[in-house]
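Dumping the structure here so I can ask a few things about it.
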């Protein structure tokens with residue numbers, strides 16, 4: 001027997017190039033979706049962090065005032081000055097335990113902002129037009145000083 005039992009044949013470079021284009025055409029959209037989706041998720045996380053900071057300001061004000069007053073609502077919105085949410089401050093819902101809450105009792109504060117998903121990654125994922133609600137609840141002890149005799 002002559003030579004090897006295996007025969008090799010040369011594969012042309014043109015076929016290899018076509019395979020690369022097909023692979024790129026399949027992988028590139030997924031890569032872009034991941035990139036833009038990740039960027040959008042980071043933006044939502046930043047908005048959520050900014051809203052949480054304003055909620056903490058509101059919780060402290062609610063504790064001092066012995067409940068959620070119009071001043072507490074204004075303090076939450078004012079805490080968003082200079083943030084990404086500054087223009088949406090009036091859309092934020094600030095509710096909770098009404099005053100007066102006696103000293104040491106719990107004051108609940110709820111802060112929420114509905115956010116509509118729009119744009120590239122949400123369209124591809126079928127989520128465009130859906131609403132996500134950012135925000136949460138804070139429970140603090142009232143620091144309202146009891147009325148004197």
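Within region 66-98, which residues are assigned to a loop (DSSP other than H, G, I, E, B) and more than 20 Å from residue 44 (Cβ to Cβ)?
Residues of region 66-98 that are assigned to a loop (DSSP other than H, G, I, E, B), as a first pass: 66-69, 79-85, 92, 97-98.
Correct list: 66, 67, 68, 69, 81, 97, 98.
Residue 58 - would you say it is surrounded by 10 or more Cβ atoms within 10 Å (Cβ to Cβ), touching a helix residue (DSSP H, G or I) at 6+ places or on another chain (Cβ under 7 Å), modelled with pLDDT of 75 or more and assigned to a helix (DSSP H, G or I)? Spell out how you get there, then give the answer.
On the way: surrounded by 10 or more Cβ atoms within 10 Å (Cβ to Cβ): yes; touching a helix residue (DSSP H, G or I) at 6+ places or on another chain (Cβ under 7 Å): yes; modelled with pLDDT of 75 or more: yes; assigned to a helix (DSSP H, G or I): yes.
It is true that residue 58 is surrounded by 10 or more Cβ atoms within 10 Å (Cβ to Cβ), touching a helix residue (DSSP H, G or I) at 6+ places or on another chain (Cβ under 7 Å), modelled with pLDDT of 75 or more and assigned to a helix (DSSP H, G or I).
OK, next. Please list, ordered by first then second residue, the pairs with beta carbon atoms under 7 Å, 6 or more apart or interchain, first in region 93-112 and at positive phi, second at pLDDT 95 or above and outside any loop (DSSP other than H, G, I, E, B).
96/62; 96/107; 96/108; 96/109; 96/110
Starting from residues that are surrounded by 13 or more Cβ atoms within 10 Å (Cβ to Cβ) and under 12 Å from residue 53 (Cα atoms), keep the ones in region 79-90 and report whichever is nearest to the chain's Cα centre (by Cα).
Residues of region 79-90 that are surrounded by 13 or more Cβ atoms within 10 Å (Cβ to Cβ), as a first pass: 79-80, 83-85, 88-89.
From what is left, the residues that are under 12 Å from residue 53 (Cα atoms) are 79-80, 83, 85.
Working: 79: 18, 80: 15, 83: 14, 85: 12 Å.
Here the residue is 85.
Moving on to the next point. Looking at 93, 112, 142, can you tell me which residue is touching a helix residue (DSSP H, G or I) at 6+ places or on another chain (Cβ under 8 Å), at pLDDT 85 or above and surrounded by 13 or more Cβ atoms within 10 Å (Cβ to Cβ)? So that I can check it myself, show each step before the final result.
On the way: 93 fails: touching a helix residue (DSSP H, G or I) at 6+ places or on another chain (Cβ under 8 Å); 112 fails: touching a helix residue (DSSP H, G or I) at 6+ places or on another chain (Cβ under 8 Å).
When all the criteria are applied, what remains is 142.
Per-residue answers, yes or no, for (1) out of contact with any strand residue (DSSP E or B) (no Cβ under 6 Å at 6 or more places or on another chain); (2) assigned to a loop (DSSP other than H, G, I, E, B):
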position	(1), (2)
50	yes, no
53	yes, no
64	yes, no
100	yes, yes
107	no, no
113	no, no
118	yes, yes
132	no, no
143	yes, yes
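Can you tell me how many residues within region 22-53 are touching a residue at least 24 places away in the same chain (Cβ under 8 Å) and under 11 Å from residue 134 (Cβ atoms)?
7
Ok, one more. Hey, can you tell me all the residues within region 120-130 that are in contact with a helix residue (DSSP H, G or I) (Cβ under 6 Å, 6 or more places away or on another chain) and either at positive phi or in a helix (DSSP H, G or I) (or both)?
First, pick out the residues of region 120-130 that are in contact with a helix residue (DSSP H, G or I) (Cβ under 6 Å, 6 or more places away or on another chain): 120-121, 124, 128.
Correct list: 120, 121, 124.
The values are calculated or read from the model by the stated rules, or taken from the named source; none is laboratory data. If you're wondering where the values come from, they're calculated on a predicted model, not measured in any experiment. Cβ sites come from the backbone with ideal geometry, for glycine too, and all protein chains shown count toward neighbours.
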